Amino acid sequence: IMTSSLNKILYGPPGTGKTYDTIDKAIEVIDYSLFLRQINENDKKYRDRLKTTFDNFSQEGKISFVTFHQSYSYEEFIEGIRAKTDEKGNISYGYKDGIFKQICKEAETNEDENFVLIIDEINRGNISKIFGELITLIEESKRLGGDEELTVTLPYSNEPFSVPNNLYIIGTMNTADRSLALMDTALRRRFDFIEMMPKPELLNDIKIDGIDLRKMLETMNQRIEVLYDREHTLGHAFFIPLIDDPTIKNLAGIFKNKIIPLLKEYFFEDWEKIRIILGDDQKSTEYEFFKKNSIDQASNYLFSNDAKKNNRLENFSSYVFNESALEKQNSYIGIY
């Protein structure tokens, strides 16, 4: 049960279902018995029921969702100044409650119910800037009614403020964006961290032209761990759409639009490493995702307008993307 800790962060590589899992975790916190009644993994519609329940709780104000980013601020999260213009054009200034203050008020007013604030991509925000002095107040012992209860006076409204102990904070963190070791120390001390890693076994039942998706993902991730680290492995969630549409065309789209761009980002277009991860160094040319450019192609580039303009071969890649490989089963079987 989720209610053992008020502050949790789900962390792991991209595509491991962190944001997806916050729906389950939030319902579990607000109404555990309802959660148990609705969840049934043998019934494909159980997820639809959970999502409907999540949406209903959100509309009731019991769940709030926010995504942190580099420019997100204290004024948006806690409270800030807002200008108002009346009918005569006169400007006045007041303060506006941010999402955190709003849900704290709701939770304090309804102390017999649980509330949840989901902070997606929590590691992408500047924690010191967003929480300010209130980072201390989210500690369980410093919450309203806690052994070391703390109240502060907010800078804009001059209102006394504390964090109620029926508000649960669930964050998600993509370790490919920032390592756990680089996280804000104040944040790390105040949250429990739940690791979410790829689960290739969830792909066991997906059958596409004899391709073993589980083995394929496991093999790619083993190579990524060796060439980079485990925090940049590929999550199973990228391939979950194949459950409803198990076709090689859909798999090709996932590789073209998700997997290959991510590998390019990880390895800064270091084609040799990307080729090793995709097993291109072990395949015949027909099934390679990235084929070596021929001498003729290099020669043609030398005499092209681009080469003359730049006076160098910097823009010439020694490898070219072989899009036709995406539609061939041996391209994927050849990975493992």
Pair list, Cβ under 7 Å, 6 or more apart: segment 106-120 residue within 14 Å of Val163 (Cβ to Cβ) and in a strand (DSSP E or B), other residue open to solvent by 80 Å² or more (accessible area, probe 1.4 Å) and at pLDDT 95 or above: Phe115/Glu106
Filter segment 238-272 down to the residues that are assigned to a helix (DSSP H, G or I) and aromatic (Phe, Trp, Tyr) and list them by number. Phe238, Phe239, Phe255, Tyr266, Phe267, Trp271
Limited to segment 325-336, what total is found for residues that are open to solvent by 20 Å² or more (accessible area, probe 1.4 Å) and under 8 Å from Phe289 (Cα atoms)? 0
Across segment 262-291, which residue is farthest from Glu225 (Cα to Cα) among those that are among the acidic types (Asp, Glu) and open to solvent by 60 Å² or more (accessible area, probe 1.4 Å)? Glu286
Selection count, segment 74-89, where residues are among the hydrophobic types (A, V, I, L, M, F, W, C) and surrounded by 13 or more Cβ atoms within 10 Å (Cβ to Cβ): 2
Does Ile130 satisfy the condition of being aliphatic (A, V, I, L, M), open to solvent by less than 90 Å² (accessible area, probe 1.4 Å) and outside any strand (DSSP E or B)? yes
Of the residues Asn174, Asn166, which is modelled with pLDDT under 95, open to solvent by less than 60 Å² (accessible area, probe 1.4 Å) and among the polar types (S, T, N, Q)? Asn174
Verdict on Glu159 being surrounded by fewer than 19 Cβ atoms within 10 Å (Cβ to Cβ) and within 22 Å of Thr185 (Cα to Cα): no
Hey, among the residues in segment 177-203 that are open to solvent by less than 60 Å² (accessible area, probe 1.4 Å) and modelled with pLDDT under 80, which one's farthest from Lys18 (Cα to Cα)? Ala186
Sole residue being under 25 Å from the mean Cα position of the chain (by Cα) and either hydroxyl-bearing (Ser, Thr, Tyr) or part of a helix (DSSP H, G or I) (or both), chosen from Thr172, Thr136: Thr172
Anything in segment 90-115 that is aromatic (Phe, Trp, Tyr) and either surrounded by 17 or more Cβ atoms within 10 Å (Cβ to Cβ) or under 21 Å from Lys25 (Cα atoms) (or both)? List them, or say none. Tyr95, Phe100, Phe115
What residue, of Asn250, Asn221, Asn257, is more than 15 Å from Pro200 (Cβ to Cβ), open to solvent by less than 80 Å² (accessible area, probe 1.4 Å) and among the polar types (S, T, N, Q)? Asn250
For a quick check of your reading of the model, give me the residue pairs whose first member lies in segment 87-101 and is closer than 13 Å to Pro155 by Cβ and at pLDDT 75 or above, whose second is open to solvent by 50 Å² or more (accessible area, probe 1.4 Å) and assigned to a helix (DSSP H, G or I), with beta-carbon atoms closer than 9 Å and at least 6 apart or on different chains. Gly98/Glu75; Gly98/Glu76
Picking from Ser58, Ser64, the residue that is closer than 30 Å to Phe161 by Cα and touching a helix residue (DSSP H, G or I) at 6+ places or on another chain (Cβ under 6 Å) would be Ser64
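The values are calculated or read from the model by the stated rules, or taken from the named source; none is laboratory data. Everything numeric here is computed off the predicted structure, so don't read it as measured data. Note that each Cβ is placed from the backbone with ideal geometry, even for glycine, and that neighbours are counted across all protein chains shown. Surface accessibility is based on the protein's heavy atoms, side chains included, excluding ligands, DNA and RNA. Shrake-Rupley method; radii C 1.70, N 1.55, O 1.52, S 1.80 Å.
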